[in-house]
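The structure appears below as structure tokens.
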Amino acid sequence: MKHLCVMTTVHQPNDQRIIKEIETIEKLGLKITFIAPEGKCPLESVEHIGLKVPSNRLKRIMYSIRKIHKVASAVDADIYHFHDPELIPTAVKLKKGGKKIVYDVHENNPAAILNKEWLPSISRKAISRIFEKFEDRSAKLFDGIVVVTEDQEKHFSSLSQTIVMPNYRKRAVTQSSCFAERDPKSRVRFVYAGSISRMTCIEEIINASLILWKENKDFDVHIAGPVVDSKLKRVLEQVPEPIKYRGLLDRNEAEEMVKNSDVGLLLYSKEDKNALQCSPNKLFEYLSLGKPIIASDNAYWRQILDQRDSSLYVNDPSDPEEIAEKMNLMIETGLRRRKSLGSLELGRIFSWESIESRLTNLYNFLL
């Protein structure tokens, strides 16, 4: 029996993308070992090796370089599938030891570096360029690359065999919480569930909400997720009505929050170049649960959302007035109902089941 080792030091052992991929690959009859931070892995059939990963970023990176190679080598798998750019040095060593390597690229890493507020702004461009060269040179050594968008595929396909696996949701995920189950007379609830930073326009959403609140609109806004910026966290902890910051929720709690809402918010700053080539989990979570969306006017997202009447777009996410205008339109019941049905249909079209053969084909090739 062939043996696969899946590796991450950044993502939790219940990470949606990683779990979906493991479940798909399991169908091929491989033995699977999952090296990930300590926590509960939802897959009983998989051997989970829990790591005590430091929370400090620099310490975590150094830990990844030193510790993970020792643990991974001891597993002695045939194929190693890793999910974090900081594990590239480990993957290169394993490749030189005769192992097959699959690199799972969750985002445009060089662009993401430009948004890292913990890095000195003066050095981000240089670090981004250096990392891009390092990533490309390493990718040529690997046996397969898994990316989330077609733009990434265009970049990596000249370096190694590449497949696109967007963050689509499984059809089995309940779609019962669409507009029809919400009381049309209840307060309209907007929701944002995901990582929170200056780039996700949370302050602009707050200011837009306060504009509408002063106009006596009947709505509220629920926000949940990890906060990158300490200043932003203080702002969220002090937000007035109609905004509620729910803190860091586990996956089930966050999904329940989205189910019990009316409209999903998905706004990214135009400064965020990574957003131009990303496949956010929350986009497909909103769709799978039949939530109409207020989104940044992003060309990649529009390729999906414009296939049905599902969304309203904000051209300038830095403008609270424009966000408030779109929120006000969504408060209108007929519009929400129509776009909710469009979102629900898109959630059925863009499902994990529609693309998982790409992953099994890659693994059949490697085996």
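Read-outs: derived from the displayed coordinates by stated rules, not from any lab. Because the structure is predicted, anything quoted here is derived from the model rather than measured. Please note: Cβ atoms are built from the backbone with ideal geometry, for glycine as well, and neighbour counts cover all protein chains shown.
Between helix 57-75 and the chain there is an angle of about 50 degrees, using the helix long axis and the longest principal axis of the Cα atoms.
For the chain, the alpha carbon positions stretch 66, 45, 36 Å along the principal axes, listed from largest to smallest.
Stretching the chain fully between residue 59 and residue 302 yields a gain of 83.6 nm (0.36 nm per residue, less the alpha carbon separation). With θ taken as phi - 60° and the Karplus curve 6.51 cos²θ - 1.76 cosθ + 1.60 applied, the whole-hertz 3J(HN,Hα) list for the range 227-232 is 9, 7, 9, 5, 5, 5 Hz, x standing for glycine and proline. The simple spin-label model puts a point 7 Å past each Cα toward its Cβ; for residue 239 and residue 76 those points are separated by 5.3 nm. For the chain, the relative contact order comes to 16 percent (Cα pairs under 8 Å, sequence separation of at least 6).
Taking the C-alpha atoms only, the angle from helix 202-214 to the longest principal axis of the chain is near 10 degrees.
Taken over the range 179-349, the percentage of Cα pairs per 5 Å bin, counting from 0 up to the bin with the maximum distance, is 2, 9, 19, 23, 23, 16, 6, 1. Between residue 130 and residue 207, the modelled labels are 3.5 nm apart [label points 7 Å from Cα along Cα→Cβ]. Between the Cα long axis of helix 16-26 and the first principal axis of the chain there is an angle of about 40°, rounded to the nearest 10. Computed from phi, the 3J(HN,Hα) profile of the range 290-305 under the Karplus parametrisation 6.51, -1.76, 1.60 (θ = phi - 60°) reads x, 9, x, 10, 9, 10, 4, 7, 9, 4, 5, 5, 5, 4, 8, 5 Hz, with x in place of Gly and Pro. In the chain, the DSSP-assigned H stretches of four residues or longer account for a calculated mean residue ellipticity at 222 nm of -12500 deg cm²/dmol, using -39500 (n - 2.57) per stretch and the full residue count as denominator.
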